[in-house]
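Asker: First, the structure itself, so that you have it in front of you.
The values are calculated or read from the model by the stated rules, or taken from the named source; none is laboratory data. Since this is a predicted model, take the numbers as computed values, not measurements. Note: ideal-geometry Cβ built from the backbone for every residue, glycine included; neighbour counts use all protein chains shown.
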Amino acid sequence: MKHNSYNNKFVFLKEPISFNKYTDKSILQFCLGATLYMPGTKNILGKILSKSHNLPTSLVMDFEDAIEASALHHAELNVLDHLDKIDDALQRNQIVTDDLPLIFLRVRDTHQFTSFAKKIKKHQAEVLTGFVFPKFYSYNAFAYLNQLEQINAELGVNLYGMPILEGRAIAYKESRTAELQQLHEIVEPSKKHLLNIRVGGTDFSSIFGVRRSMNSSIYDILTVRDCLSDILNFFNRDTGDYTVSAPVWEYFLAYKQDNIEKLIEKDLNHSILSRTPIINEAVDGLLREVLIDKANGFVGKTIIHPSHIKFVNALQAVTREEFEDAEQIVNTEGGVIKSAKSNKMNEINPHKNWANKVLNRAKVYGVIEDEKSFIKLLV
């Protein structure tokens, strides 16, 4: 897989790298980008085996909220059949590992995870990248993590877990700090198997009976913003052990390719911040939110519609100015120096954590000239 490859004529200053499930975790945790959720009952085998250019680079087949309980058995059979046929295509050299998206399964709960673990075979597990754990609380975290460890040991594979932090224990202010502290302590010994921390923006909104509109962002909802802020405080600290993915954008509205081509010379950042219309309300809202996601340290985003993939992934790319600043910071011993563009100061020690993350994003999503280049990536 390779990000931001929609426009074959686009010239990167630094090309994105190719990656697959075997890429080192220190880089792979930055590779998820726009992660597309879909029902476990959906048939996407044709797109995977045909190597469709619209294929997401990371996807989650869902056994939880996206299906009714009565459809669970069908969903499990469908997923296992997908894994069988993908493995068969790999064995026949019809596809190679680099052609595969990062494939995750969102289990329904700890009981279904335990049950499903008994059904999955080694050759099927080797197609997967891991599992997503919904409603990951301090009281069930050990069950999720222990089952993951057991699958890896019994099948001799390396599957990752991605907990979703959501629910009332985090939503309610009086219990949030203690719950997050407990969760951090519980997952710390298992962090080598945790590829990403995900957040339940819709779940938090539901608890408070609110919902963002197309013209606002999740950060405009004060109670939800507080939850997200505290999750980042615990899991986005300077150790670099975890990456946190931004909450789902839940609107999809069709757009025409012509709309993008007419905007090729626009400065995307300026247009977004000035609220100048770009594509349409839904896409513009998504772009605005992704900029805020990035500013707060989120990497990638949950999405529910394929049309969102290119927008989220394009905005993960790194501009020349960011890249030059980051390289300058990591290659300097200490102190304070003027940036390459002479428009800011780079404090070496305070900015080093930021610089390392920028360089990792640069490897995965590429380096582009400036903000105007974001739009050109999409054509």
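Asker: Answer with yes or no whether Asp258 is outside any helix (DSSP H, G or I), acidic (Asp, Glu) and either at pLDDT 85 or above or surrounded by fewer than 16 Cβ atoms within 10 Å (Cβ to Cβ) (or both).
Answerer: Values: outside any helix (DSSP H, G or I): no; acidic (Asp, Glu): yes; either at pLDDT 85 or above or surrounded by fewer than 16 Cβ atoms within 10 Å (Cβ to Cβ) (or both): yes.
Considered against the rule, which asks whether it is outside any helix (DSSP H, G or I), acidic (Asp, Glu) and either at pLDDT 85 or above or surrounded by fewer than 16 Cβ atoms within 10 Å (Cβ to Cβ) (or both), Asp258 comes out as no.
Asker: Report whether or not Leu49 is touching a helix residue (DSSP H, G or I) at 6+ places or on another chain (Cβ under 7 Å) and closer than 28 Å to Gln316 by Cα.
Answerer: On the way: touching a helix residue (DSSP H, G or I) at 6+ places or on another chain (Cβ under 7 Å): yes; closer than 28 Å to Gln316 by Cα: yes.
Answer is yes for this residue.
Asker: State yes or no: is Lys25 at pLDDT below 95 and out of contact with any strand residue (DSSP E or B) (no Cβ under 7 Å at 6 or more places or on another chain)?
Answerer: Numbers: at pLDDT below 95: no; out of contact with any strand residue (DSSP E or B) (no Cβ under 7 Å at 6 or more places or on another chain): yes.
For Lys25, the condition - at pLDDT below 95 and out of contact with any strand residue (DSSP E or B) (no Cβ under 7 Å at 6 or more places or on another chain) - is not met.
Here is a yes/no grid of residues against (1) of a type in the set (D, E, K, R); (2) outside any loop (DSSP other than H, G, I, E, B); (3) over 28 Å from Gln124 (Cα atoms); (4) touching a strand residue (DSSP E or B) at 6+ places or on another chain (Cβ under 9 Å):
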| site | (1), (2), (3), (4) |
| --- | --- |
| Arg176 | yes, yes, yes, no |
| Leu180 | no, yes, yes, yes |
| Glu185 | yes, yes, yes, no |
| Ser206 | no, yes, yes, no |
| Arg211 | yes, no, yes, no |
| Val224 | no, yes, yes, yes |
| Thr239 | no, no, yes, no |
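Asker: If I ask for residues that are touching a helix residue (DSSP H, G or I) at 6+ places or on another chain (Cβ under 6 Å) and surrounded by fewer than 18 Cβ atoms within 10 Å (Cβ to Cβ), which ones from the range 19-31 would you list?
Answerer: If the condition is that a residue be touching a helix residue (DSSP H, G or I) at 6+ places or on another chain (Cβ under 6 Å) and surrounded by fewer than 18 Cβ atoms within 10 Å (Cβ to Cβ), then Asn20 is the only one that fits.
One line per residue, one yes/no per condition, for (1) in contact with a helix residue (DSSP H, G or I) (Cβ under 9 Å, 6 or more places away or on another chain); (2) within 22 Å of Ala71 (Cβ to Cβ):
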{"residue": "Leu102", "(1), (2)": "yes, no"}
{"residue": "Lys118", "(1), (2)": "no, yes"}
{"residue": "Glu126", "(1), (2)": "yes, no"}
{"residue": "Phe136", "(1), (2)": "yes, no"}
{"residue": "Asn140", "(1), (2)": "yes, no"}
{"residue": "Leu148", "(1), (2)": "yes, no"}
{"residue": "Ala153", "(1), (2)": "no, no"}
{"residue": "Gly161", "(1), (2)": "yes, no"}
{"residue": "Leu165", "(1), (2)": "yes, no"}
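Asker: Further question on the same structure: Since Thr57 meets every condition but one in (1) hydroxyl-bearing (Ser, Thr, Tyr); (2) touching a His at 6+ places or on another chain (Cβ under 9 Å); (3) within 15 Å of Thr41 (Cβ to Cβ), which condition does it not meet?
Answerer: Every listed condition holds for Thr57 apart from (3).
Asker: Does the range 87-108 include one or more residues that are buried (at least 19 other Cβ atoms within 10 Å of the Cβ) and in a helix (DSSP H, G or I)? I'd like the intermediate steps shown before the answer.
Answerer: Step one: list which residues in the range 87-108 are buried (at least 19 other Cβ atoms within 10 Å of the Cβ), which gives 100-108.
Then drop every residue that is not in a helix (DSSP H, G or I), which leaves none.
There is no residue in the range 87-108 that is buried (at least 19 other Cβ atoms within 10 Å of the Cβ) and in a helix (DSSP H, G or I).
Asker: What are the residue pairs meeting all of these: first residue in the range 234-250, first residue free of Cβ contacts under 8 Å to residues at least 40 places away in the same chain, second residue outside any loop (DSSP other than H, G, I, E, B) and among the β-branched types (Val, Ile, Thr), Cβ atoms under 7 Å, and 6 or more apart or on different chains?
Answerer: No pair meets every condition.
Asker: How many of the residues in the range 28-60 are farther than 21 Å from Lys310 by Cβ and outside any loop (DSSP other than H, G, I, E, B)?
Answerer: 3
Asker: Of everything in the range 168-205, what is modelled with pLDDT of 95 or more and polar (S, T, N, Q)? Give them in sequence order.
Answerer: Ser175, Thr177, Gln181, Gln182, Ser190, Asn196, Ser205
Asker: Would you confirm, using the coordinates I've provided, whether Asn343 is assigned to a loop (DSSP other than H, G, I, E, B), more than 17 Å from Ile368 (Cα to Cα) and at pLDDT below 90?
Answerer: Working: assigned to a loop (DSSP other than H, G, I, E, B): yes; more than 17 Å from Ile368 (Cα to Cα): yes; at pLDDT below 90: yes.
Yes; evaluated as a whole, the condition is true for this residue.
Asker: Still on this structure, I have one more. From (1) modelled with pLDDT under 95; (2) closer than 16 Å to Ile303 by Cβ, pick out the condition that doesn't hold for Met61.
Answerer: (1)
Asker: Cβ contacts < 8 Å: first residue not assigned by TED's automatic domain parsing to the domain that holds Gly300, restricted to the range 351-377; second residue surrounded by fewer than 21 Cβ atoms within 10 Å (Cβ to Cβ) and small (Gly, Ala, Ser), any location; separation 6+ or different chain. Result?
Answerer: From the range 351-377, the pairs are Asn353/Gly240; Asn356/Gly240; Lys357/Gly240; Lys357/Gly297; Asn360/Ser26.
To keep it simple, each residue is scored yes or no on (1) of a type outside the set (Asp, Glu); (2) over 18 Å from Lys25 (Cβ atoms); (3) free of Cβ contacts under 8 Å to residues at least 24 places away in the same chain; (4) assigned by TED's automatic domain parsing to the domain that holds Ser52.
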{"site": "Val96", "(1), (2), (3), (4)": "yes, yes, yes, yes"}
{"site": "Ile103", "(1), (2), (3), (4)": "yes, no, no, yes"}
{"site": "Arg106", "(1), (2), (3), (4)": "yes, yes, no, yes"}
{"site": "His111", "(1), (2), (3), (4)": "yes, yes, yes, yes"}
{"site": "Thr114", "(1), (2), (3), (4)": "yes, yes, no, yes"}
{"site": "Ile120", "(1), (2), (3), (4)": "yes, yes, no, yes"}
{"site": "Glu126", "(1), (2), (3), (4)": "no, no, no, yes"}
{"site": "Lys135", "(1), (2), (3), (4)": "yes, yes, no, yes"}
